[in-house]
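Here is the structure we will look at, set down as structure tokens.
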Amino acid sequence: MKRIESTQNALVKHWKKLATMRKEREKQGEFLIEGFHLVEEALKNKEQIVQMIVRDGVDLPLLWETDGIEMVQVNDAVAKEIAETEKSQGVFAHCKVEEPTEVEQAAWRKVLLIDAVQDPGNVGTMIRTADAAGIDAVILGKGCVDAYNPKVMRSAQGSHFHIPVVRGDLDDWIDRLQDDNVKVFGTSLDEAISYRDIEVTDNFALIVGNEGAGISPQLLAKTDQNVIIPILGGAESLNVAVATGILLYAFVK
């Protein structure tokens, strides 16, 4: 097992950049995860793991299948340098982003499109909810927080390893889905019907948008139908992640 004890080590500096810098994650196509649960989920997709990093004194579960994975032992100083949480569990994985092929993308028929949502907790929750609802893929449009931001990863609870999460031009994706006879639904107050009145189908795409500004008018102009969730009490609106959960489960056949 490799061992690293200096925070000045080139690999440690690389891990630190992956943990803190979106630009580095996008440039390298890699990301860092932290904590037993996330690493356990990553192990179900072993080919994505470049290395596992374990702090001194941390014992890995006996049932974990780590054969063939490069293991790196680190001291407390190195673990602290790369940790994103205050009370780190001392186990990390350096992973690479798995890009779906064109053939795989062409088969997507239930898709969540996210427009300019910047809150990492909301985006992570939406990815997790899409995973739970059996959605084929999540596409993050312009203005969205990075899918591999550590807070997004923690909020999604490992769903990144179960469902494709890709960045894309939502304009292009709407055209592409509609060409494949996938109906595209927007969430808006304008020209909208209650989500309860939607005819449920196996093929649909749902666009959700920034809580303050909503979905961009350019995208809304292209939808097949806009839907609303009626507000029955005194609240002004619903949290975007909660609304997404209600709609995805209503739409899934």
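The values are calculated or read from the model by the stated rules, or taken from the named source; none is laboratory data. Please read all numbers here as calculations on a predicted model, not as lab measurements. Heads up, the Cβs are rebuilt from the backbone with ideal geometry, glycines too, and the neighbour counts pull from every protein chain shown.
Consider Lys13 carefully, then state whether it is within 20 Å of Lys151 (Cβ to Cβ) and not assigned by TED's automatic domain parsing to the domain that holds Gln157.
Against the criterion (within 20 Å of Lys151 (Cβ to Cβ) and not assigned by TED's automatic domain parsing to the domain that holds Gln157), Lys13 does not qualify.
Might you let me know whether the stretch 108-130 holds any residue that is crowded, with 16+ Cβ neighbours inside 10 Å, over 20 Å from Ala241 (Cβ atoms) and outside the structural domain of Glu40 (by TED's automatic domain parsing)? Within the stretch 108-130, one or more residues are crowded, with 16+ Cβ neighbours inside 10 Å, over 20 Å from Ala241 (Cβ atoms) and outside the structural domain of Glu40 (by TED's automatic domain parsing). Of the helices (runs of 4 or more DSSP H) lying entirely inside the stretch 1-114, those carrying at least 1 residues that are among the basic types (Lys, Arg) are 10-20, 22-28, 76-82.
The numbered conditions (1) surrounded by fewer than 17 Cβ atoms within 10 Å (Cβ to Cβ); (2) within 19 Å of Arg154 (Cβ to Cβ); (3) out of contact with any helix residue (DSSP H, G or I) (no Cβ under 8 Å at 6 or more places or on another chain) are all true for Glu47 except (2). Is it true that Gly233 is out of contact with any strand residue (DSSP E or B) (no Cβ under 7 Å at 6 or more places or on another chain), modelled with pLDDT of 95 or more and on the phi < 0 side of the Ramachandran plot? Yes: the conditions hold for Gly233.
Answer yes or no as to whether Ala241 is at pLDDT 95 or above, in a helix (DSSP H, G or I) and either closer than 21 Å to Asn122 by Cα or more than 24 Å from the chain's Cα centre (by Cα) (or both). The answer is yes for Ala241.
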